[in-house]
1. Considering only region 236-250, state which residues are surrounded by fewer than 20 Cβ atoms within 10 Å (Cβ to Cβ) and in contact with a strand residue (DSSP E or B) (Cβ under 9 Å, 6 or more places away or on another chain).
2. Please state which one of 161, 206 is buried (at least 23 other Cβ atoms within 10 Å of the Cβ), part of a helix (DSSP H, G or I) and within 13 Å of the ligand (Cβ to nearest atom).
3. Anything in region 166-186 that is within 11 Å of the ligand (Cβ to nearest atom) and farther than 19 Å from residue 42 by Cα? List them, or say none.
4. Of the numbered conditions (1) more than 13 Å from the ligand (Cβ to nearest atom); (2) buried (at least 20 other Cβ atoms within 10 Å of the Cβ); (3) in a loop (DSSP other than H, G, I, E, B), residue 133 fails exactly one; give the number of that condition.
5. For residues in region 219-229 being assigned to a strand (DSSP E or B) and in contact with a helix residue (DSSP H, G or I) (Cβ under 7 Å, 6 or more places away or on another chain), which is farthest from the ligand (Cβ to nearest atom)?
6. Please report, ordered by residue number, the helices (runs of 4 or more DSSP H) entirely within region 1-109 with at least 2 residues that are surrounded by fewer than 19 Cβ atoms within 10 Å (Cβ to Cβ) and out of contact with any helix residue (DSSP H, G or I) (no Cβ under 9 Å at 6 or more places or on another chain).
7. Please state which one of 287, 241 is within 16 Å of the ligand (Cβ to nearest atom), within 16 Å of the chain's Cα centre (by Cα), at pLDDT below 95 and not in a helix (DSSP H, G or I).
Ligand SMILES: NC(=O)c1ccc[n+]([C@@H]2O[C@H](COP(=O)([O-])OP(=O)(O)OC[C@H]3O[C@@H](n4cnc5c(N)ncnc54)[C@H](OP(=O)(O)O)[C@@H]3O)[C@@H](O)[C@H]2O)c1
């Protein structure tokens, strides 16, 4: 009996100590990411020739990210599916201020097909890729009743398009020996599927694992390469396509979330919830995975 009590007297405080250490570590990470960390984005604006690629840049978060990057001195490739919108956003970007950067447009409807033409990006010195294009309409019917056209479109847009774009870009980024940043805009539904969005949730989960896998692969190819991969775990954001209510702490504007996304770049975590308020409900667990160089 004495031996058992002695054993418990040792083990119970030990468990308490370990639990406290884990919680303290999470708390320290939380303070670091949301209050102390300064964005590493400027590391990727190397010189006048440096480009960032932003997919889905004709509206919502993609447009807000493109605007922020333009103001920070990046030349841009903006992607969308309507040339008219692309031309309008390009014009708006060029009017933004004293910095006169180059803006190229890339029109591809990612849902249409799974063979994409990225040849116009060849030869550009690209250091940063923001995979923003995505989404799906909610289908309030049983899974087996959604059309295969819908299902394939969601998968092409959210999963196949990022794969093919990265297949086209990573070799030239690697060859240029520039620091490489890849940011995938994911969704909380990639971890916690939402009703009537199972295909979308699965496609975002796919993006999460793709980014995880590529971050490992790149460090195998060249352990000295300067690569950072992030999957941004995004909750509700005001958008004409999904949430159109008044913005608040838990459903911010695209501009607020774009700033938050860019602010956490290089924070040391691969998967990040960019808005601090969102994480409170997740017990300060920022998500899994560290970047290799951080
Ligand atoms: N809004 C949210 O609450 C929320 C929450 C979690 C995650 N997300 C994710 O965040 C990202 C951006 O969302 P958002 O709400 O800001 O988007 P949005 O306002 O709907 O804009 C999406 C952008 O993607 C483009 N796009 C859409 N379908 C396309 C296609 N088939 N081919 C090429 N481009 C296409 C749009 O072009 P057009 O202008 O031609 O439509 C637009 O430029 C998405 O990946 C979404 O899944 C959003």
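The values are calculated or read from the model by the stated rules, or taken from the named source; none is laboratory data. As the structure is a prediction and not an experimental result, all values here were calculated from the model. Here Cβ is always computed from backbone atoms with ideal geometry, including for glycine, and neighbour counts include all displayed protein chains.
1. Matches in region 236-250: 236, 243, 244, 245, 246, 247.
2. Going through 161, 206 in turn, just one is buried (at least 23 other Cβ atoms within 10 Å of the Cβ), part of a helix (DSSP H, G or I) and within 13 Å of the ligand (Cβ to nearest atom): 161.
3. 185, 186
4. Exception for residue 133: condition (1).
5. 227
6. Where helices (runs of 4 or more DSSP H) fall fully within region 1-109 and carry at least 2 residues being surrounded by fewer than 19 Cβ atoms within 10 Å (Cβ to Cβ) and out of contact with any helix residue (DSSP H, G or I) (no Cβ under 9 Å at 6 or more places or on another chain), they are 2-31, 83-94.
7. 287
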